[in-house]
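Please read the structure below before turning to the comments.
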Amino acid sequence: MKTVVLGGYGNFGARICRALAQDPGIELVVGGRDLGRATAFARSLGGASRGVRIDVQSADLAKALGAVGADLVIHTAGPFQDQDYRVPRAAAAAGAHYIDLADGRRFVCDFPAALDATFRDAGRFAVSGASTVPALSSAVVDHLTAGWQGIRSIDICIAPAQGAPRGEATLAGVLAYCGAPIRVWHDGQWVERLGWAEPENIAFARIKPRRGALCDIPDLELFPARYAGVQSVMFRAALEVGLTQHAFAFLALLRRIGLLPAPQRLAGLLHATGGLFDAFGTALGGMVVRVEGLDAHGAVARRAWHIAADDNHGPEIPCMAAVLLARRLARRDALPVGAHACAGLLALSEFEPEFSRWGMVTDVIDEASP
């Protein structure tokens, strides 16, 4: 299966390429705007991998993908918050399956309605959000609540390691909603909260407690619809160095009072200077998903799933769902034709070999209900 990874030498694209390069069922094509970088990186992977120049903003993108002979397009060239659907439309026009790592709320949540007919007509599978959220997060919630009579609340927090590589596009994506109003499902109704403001203490199994603040992700909208009866859904990010968390809260304040209308414009500066704080952090990051509801016997239950990723391997986690789905397509496993948000397509058990590969440790803890 000829697989084109767009942004293939970037922060996440390179990881996906390394994971797929030696798969006997995949012929890998590293795509990017710089042919020299794409070719050099493809050569470093060995095997039959090759690099090509492909610009996702090009008007003839579908033609370029068709010329390569793409069977699958994996789109990693974010940020996705302000992107339209030209890349998936080009993939469909080229007769290819499509997977992306989008975490932009509107991009992922509107994806099925916008593109389902297009991919059904093409007879191809397309999925948006094949990343930590909502692909892994939904797999964890499904695992924790299997057999439950109902779910009352879902609370997720990602805690990246300070030393983990940071992509400028990722930083621009999270800054886009810093200080912006975010619709959150709380106590059975929609309310507005400010992104990255008002951090709260979060406890982890193998990581020191951190302060986590609200981030705008697809789960905030997808999960109230996916899990009938859920009353509250929350997602936070907890940075390791307290000063950086306070800096994001300060930027949120500046945006709220009108002094910083576009924080994402600072992405380049913050990306260049972020390494100054690495000495104050570690290589350990992780994630926690907490759920509360009624278990199979109707008793109030609260469970938490934790993962700890050391040695700065945390950025491998957002790449795992795309890798797993690509391998399933290469094996010709049945996947639904049409366009989908990536919730419920993968089981937690499918991720576990990938966790082990990178030395990541998981815990499921039954917590005392509040």
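Measure nothing fancy, just the Cα-based angle from helix 35-45's long axis to the longest principal axis of the chain, in degrees from 0 to 90, nearest 10. Helix 35-45 sits roughly 80 degrees off the main axis of the chain. Backbone geometry of region 315-325 corresponds, through the Karplus equation with coefficients 6.51, -1.76 and 1.60 at θ = phi - 60°, to 3J(HN,Hα) couplings of x, 5, 4, x, 8, 5, 4, 5, 5, 5, 5 Hz, x marking Gly and Pro. Amide H to amide H, with H built 1.01 Å from N, Glu27 comes under 5 Å of Lys2, Thr3, counting only residues 5 or more places away or on other chains.
Amide H contacts for Gln162 (H built 1.01 Å from N in the peptide plane; partners 5 or more residues away or on another chain; cut-off under 5 Å): Glu240, Thr282, Leu284. The gain in end-to-end length when the Val337 to Ala93 segment is fully stretched comes to 86.4 nm, 0.36 nm per residue minus the alpha carbon separation.
According to the Cα gyration tensor, what semi-axes, each the square root of 5 times an eigenvalue, does the equivalent ellipsoid of region 144-228 have, listed from largest to smallest in whole Å?
Details: eigenvalues 116, 68, 33 Å².
One finds semi-axes of 24, 18, 13 Å for region 144-228.
Using a ≥ b ≥ c from the Cα gyration tensor of region 163-292 (square roots of the eigenvalues), is it rounded, prolate or oblate, where a/c under 1.5 gives rounded and otherwise the larger of a/b and b/c decides, a/b for prolate? It is oblate, given that a/c is not under 1.5 and a/b is not larger than b/c.
Give me the accessible area per residue for the chain, probe 1.4 Å, as a whole number in Å².
Working: 15710 Å² over 370 residues.
Here the residues of the chain average 42 Å² of exposed surface.
Along region 329-334 the Karplus relation, 6.51 cos²θ - 1.76 cosθ + 1.60 evaluated at θ = phi - 60°, assigns HN-Hα couplings of 5, 5, 7, 6, 5, 6 Hz to successive residues, with x for each Gly and Pro. Stretching the chain fully between Arg33 and Asp55 yields a gain of 7.4 nm (0.36 nm per residue, less the alpha carbon separation). Relative to the longest principal axis of the C-alpha atoms of the chain, give the angle of the C-alpha long axis of helix 348-357, reported between 0 and 90° and rounded to the nearest 10°. The two axes meet at around 80 degrees. If you sort the three axes of the alpha carbon gyration tensor as a ≥ b ≥ c, you get a/c of 1.5 or more for region 198-256 and a/b no higher than b/c, which makes it oblate. Legend: calculated FRET efficiency, His271 to Ser44, from the Cβ-Cβ distance at R0 = 22 Å, rounded to 0.05, equals 0.40.
Provide the gained length on full extension for the span Val361 to Phe250, in nm with one decimal, where the gain is 0.36 nm per separating residue minus the Cα-Cα distance.
Working: separation 111, 0.36 × 111 = 39.96 nm, distance 3.36 nm.
That works out to 36.6 nm of additional length.
For region 279-311 and region 206-267, write down the distance between their C-alpha centroids in whole Å. Cα centroid to Cα centroid, the span is 17 Å. Taking amide H as placed 1.01 Å from N in the peptide plane, the amide H of Met234 sits under 5 Å from that of Ile154, Asp155, Ile156, each at least 5 places away or on another chain. Looking at the chain alone, DSSP beta bridges between its own residues are antiparallel in about 55 percent of cases. Along the axis of the charge dipole computed for region 16-58 (Cβ charges of +1 for Lys and Arg, -1 for Asp and Glu, origin at the Cα centre), the listed residues Phe41, Ala19, Val56 are led at the positive end by Phe41. Each residue of region 184-198 was assigned a 3J(HN,Hα) from its phi angle through the Karplus expression (A = 6.51, B = -1.76, C = 1.60, θ = phi - 60°), giving 10, 7, 9, 6, x, 8, 7, 10, 10, 10, 8, x, 6, 9, 6 Hz with x at Gly and Pro.
Of the accessible area of the chain, with the probe set at 1.4 angstrom, what percent is carbon plus sulfur? That share works out to 52 percent.
Taking Rh as the Kirkwood radius, which is the inverse of the mean 1/r over Cα pairs, what is the Rg/Rh value for region 316-361? The partial results should precede the final answer.
Values: Rg = 11.4 Å, Rh = 11.6 Å.
Rg/Rh: 0.98.
The values are calculated or read from the model by the stated rules, or taken from the named source; none is laboratory data. If you're wondering where the values come from, they're calculated on a predicted model, not measured in any experiment. Neighbour counts run over all protein chains shown; Cβ positions are idealised from the backbone, glycine included. Please note that ligands, DNA and RNA were not included when accessible areas were found on the heavy atoms of the full protein model with its side chains. Shrake-Rupley method; radii C 1.70, N 1.55, O 1.52, S 1.80 Å.
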